[in-house]
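Down below is the structure, laid out as structure tokens.
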Number of protein chains: 2
Amino acid sequence: MSDPTPLLAHARQALRHSPVEIESAANPRLRHLRELLESGRERRRSGQTVLEGWHLLESWLAGGQPVLQLVLPRRTFQQLGQGGEPSSPASRREHGRSPSANPWQRVSPQRQPGAPIPSGNVASMNGNPEMVAQAAQASWLVLDDWLFDQLDIMPSPSPLLAVVETPRPALPASAPDHDLVILDRIQDPGNVGTILRTAAAAGIRTVLTTAGTAACWAPKVLRAGMGGHFVLEIHENIPLEQLKAQVGALPLAGTVLQDGQSLYASDLRQPLAWVFGNEGEGIDPELQARLGCRLTIPQDPGVESLNVAASAAVCLFEQRRQRLASAS
Amino acid sequence: MSDPTPLLAHARQALRHSPVEIESAANPRLRHLRELLESGRERRRSGQTVLEGWHLLESWLAGGQPVLQLVLPRRTFQQLGQGGEPSSPASRREHGRSPSANPWQRVSPQRQPGAPIPSGNVASMNGNPEMVAQAAQASWLVLDDWLFDQLDIMPSPSPLLAVVETPRPALPASAPDHDLVILDRIQDPGNVGTILRTAAAAGIRTVLTTAGTAACWAPKVLRAGMGGHFVLEIHENIPLEQLKAQVGALPLAGTVLQDGQSLYASDLRQPLAWVFGNEGEGIDPELQARLGCRLTIPQDPGVESLNVAASAAVCLFEQRRQRLASAS
């Protein structure tokens, strides 16, 4: 993982809006942030989600997407200034529940918007001017360290948060001619995130989920996805009828416990619609009845089965192996 | 998953000792149980661990291992009697911190130890007489439902706990001539458990871990392992010198981010010592320098890497595929 400091230090100097400093746990922006972290309902209502840590933000910025809010502890914000100087006096402090009535509130004039990106070898830092510009266009929230440390987030070597609009791509009008991955009621956020990461690494571009699958853009799933989300087109909660339309003529492929053909004896080179099913129950019976490729992964006798994310890794990379072998 | 009721109902009738009924949160046996669930230090001190849920217990019993304590909520215990009758009056009730001084304590004479297993078609139930006998030889704790429900355990369709002695096999005197899996500072319990499950399914029999790897017999790891633990010989916290002795002449195999040979272009049929490394840092540099097979999994460009458990699944099943192909 790269060091976030150079890119963010450039972004800090190019900020389009003054950072907002938050010193009270009752601050409404902070409350909204906590709700986004903790509540799936709030994420759905607002259409926003939260990326935790520099790695996810870097991957997001690399995709050229805008950031709504960048949230930093004060210690990080200060470090981004030259040599740990105190944070910019041009920032606005917000303390309480009702900032406009708060005598401590201090709104200063905007810093020069669109100030040029400071000189220095931008190419040598992780990222590029476009990423700096995206980060600088976000609204920055600087939280007192103790407030930041109270947030329910994963420990990370470079802790920060980014609020972004949850991507909601429109369903294509017709079935694609490339592989699909369908997540059928996979409940564990870690499994969903790991499969998204694996699918991205295997070259998959489109993922569909059925109702009952963990929400793909929840912070836990994003964490496990490690940026895989950002190279995928993800369509969530697709009803069965729409799913059939999206699959079109692609053969459905999935693993079954009995009467399947060995994964290794199956020709997987053509585009497939992979289905991975619920941790306990496997693939929905109606989808299972439609499987064109009923596969089993040859396992040691006496061992029950693989975790669904491990099974997905074995399947998707076996397909990749077969294609690489036939291309060479 | 099978229904636990028939096997446990037979075991209940064949109990060697009266069940102990616990009605107080201060009961010392319950305190010990909670410590085993929550504290790695207590698990190490006592040499015991806890299996959660019927699936793990069934796999454990199938291995023929003794169970120290079986812990059930009262509702389950009653259900094991005929048609939900109240629990046996022959049980001993334990309420408080100091049961012998508790006026509510009521210790009744032992039920007939070694009573014959009730008639009925034992073969038709899941399990066999040996499994029934092992379950019946355990000390049974019956917790008031509210006490059981307060325990920090995963929701499960058949909730119960089994306290068992943690297996600590002796290190073999010399290096084996079969595959090894080495977990090098893998920190996430879910990853460790998933790799153990995958390794067992791939036919691996021996796993070694270095210091810094999550404790394999912690409840979270057991949960993710889904019984894979019980067909593996697991040696934990092995110092580097001992590790080298255990590996002996086996080639060390692991994935690297750069300068590796494609997994698919490598001959993996001979016995290997697979090393899977820390989530963030990968394989320890000293081990990495000794890799005989420096492998890369060909991935889509622009996607960082696979989760370590997904990577282990791809590697171990590619080895399995190559062996199956060369055997057929």
> Of B:His10, A:His32, B:His55, how do they rank once you tally other Cβ atoms within 10 Å and put the fewest first?
Replying inline: A:His32, B:His55, B:His10
> Assuming R0 = 35 Å, what is the FRET efficiency of B:Asp149 and A:Thr166, from their Cβ-Cβ distance, to the nearest 0.05?
Replying inline: 0.50
> Where a ≥ b ≥ c are the square roots of the eigenvalues of the C-alpha gyration tensor, would you call segment A:224-294 rounded, which needs a/c under 1.5, or, failing that, prolate if a/b is larger than b/c, or oblate?
Replying inline: rounded
> When each copy gets a label point 7 Å from Cα toward the beta-carbon at B:Ser174, what are the spacings between them in nm, shortest first?
Replying inline: 6.8
> In peptide B:193-204, what is the residue-averaged number of other protein chain Cβ atoms found within 10 Å of each Cβ?
Replying inline: 5
> Based solely on its DSSP helices, what 222 nm [θ] is calculated for the protein assembly as shown when runs of n ≥ 4 H residues each add -39,500 (n - 2.57) and the sum is averaged over all residues, nearest 500 deg cm²/dmol?
Replying inline: -9500 deg cm²/dmol
>> Quick check: pseudo-label points 7 Å beyond the Cα along Cα→Cβ at A:Asp177 and B:Glu130, how many nm apart are they?
In response: 5.9 nm
> Considering only DSSP beta bridges whose two residues both sit in chain A, what percent are antiparallel, to the nearest 5?
Replying inline: 25 percent
> Any idea what the dipole of chain A comes to, in debye rounded to 20, about its Cα centre with Lys/Arg Cβ at +1 and Asp/Glu Cβ at -1?
Replying inline: 980 debye
>> Under 8 Å for C-alpha pairs, at least 6 residues apart: give me the relative contact order for chain B, rounded to a whole percent.
In response: 20 percent
> B:Leu68 label points, 7 Å along Cα→Cβ, one per copy: pairwise distances from this copy to the rest in nm, shortest first?
Replying inline: 5.1
>> Positive end of the dipole of the protein assembly as shown, charges at C-beta (+1 Lys, Arg; -1 Asp, Glu), about the Cα centre: which of B:Gln246, B:Gly302, A:Pro169 has its Cα farthest in that direction?
In response: A:Pro169
> Nearest-5 percent of antiparallel DSSP beta bridges in the protein assembly as shown?
Replying inline: 25 percent
>> Just to confirm my numbers, what's the Cα centroid distance between segment A:12-52 and segment B:140-184 in Å?
In response: 41 Å
> Which net charge results for the neighbourhood of A:Trp217, defined as the other residues with beta-carbon distances under 15 angstrom from its beta-carbon, given Lys and Arg at +1 and Asp and Glu at -1?
Replying inline: +1
> Shortest first and in nm to one decimal, what separations exist between A:Met154 and its copies in the other chains, measuring from label points 7 Å along the Cα-to-beta-carbon line?
Replying inline: 1.8
>> Could you tell me the relative contact order of segment B:248-328? Use alpha-carbon pairs under 8 Å, at least six residues apart, and round to a whole percent.
In response: 41 percent
> When B:Ser174, A:Ser262, B:Ser46 are ordered from fewest to most other Cβ atoms inside 10 Å of their Cβ, what list results?
Replying inline: B:Ser174, A:Ser262, B:Ser46
> In debye to the nearest 20, how big a dipole does the protein assembly as shown give about its Cα centre with +1 on each Lys and Arg Cβ and -1 on each Asp and Glu Cβ?
Replying inline: 780 debye
> Residue farthest toward the positive end of the dipole of segment A:180-327, with Cβ of Lys/Arg at +1 and Asp/Glu at -1: which of A:Leu180, A:Ala327, A:Asn237?
Replying inline: A:Ala327
> Between chain A and chain B, with a rotation axis joining them, whose C-beta in A is nearest that axis, and what is the whole-Å distance?
Replying inline: A:Ala313, 2
>> Within 12 Å, Cβ to Cβ, of A:Glu35, how many net charges do the neighbouring residues add up to if Lys/Arg are +1 and Asp/Glu are -1?
In response: +4
>> Please compute, for peptide B:48-58, the average count of beta-carbon atoms on other protein chains lying within 10 Å of each residue's beta-carbon.
In response: 0
> Antiparallel as a % of all DSSP beta bridges within segment B:180-327, to the nearest 5?
Replying inline: 5 percent
>> Based only on other Cβ atoms within 10 Å, what is the fewest-to-most ordering of B:Val256, B:Val192?
In response: B:Val256, B:Val192
>> Using the crude model of +1 on Lys and Arg Cβ and -1 on Asp and Glu Cβ, and no other charge, please compute the dipole size for segment B:180-327 relative to its Cα centre, in debye to 20.
In response: 580 debye
>> Counting only other residues whose beta carbon sits under 9 Å from that of B:Gly277, what net charge do I get with K and R as +1, D and E as -1?
In response: -3
> If R0 is 25 Å, what FRET efficiency do you get for A:Leu68 and A:Ala211 from their C-beta distance, rounded to 0.05?
Replying inline: 0.35
>> Within 10 Å of each Cβ in B:260-266, how many Cβ atoms from other chains are there, averaged over the peptide?
In response: 2
>> Quick check: from the Cα gyration tensor, does segment A:180-327 come out rounded (a/c under 1.5), prolate or oblate?
In response: rounded
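A short reminder: the numbers here are calculations on the coordinates, not readings from a lab. Just so you know, these numbers come straight off a predicted model, no measurement behind them. Reconstructed Cβ throughout: ideal geometry from the backbone, glycine too, with neighbour counts over all protein chains shown.
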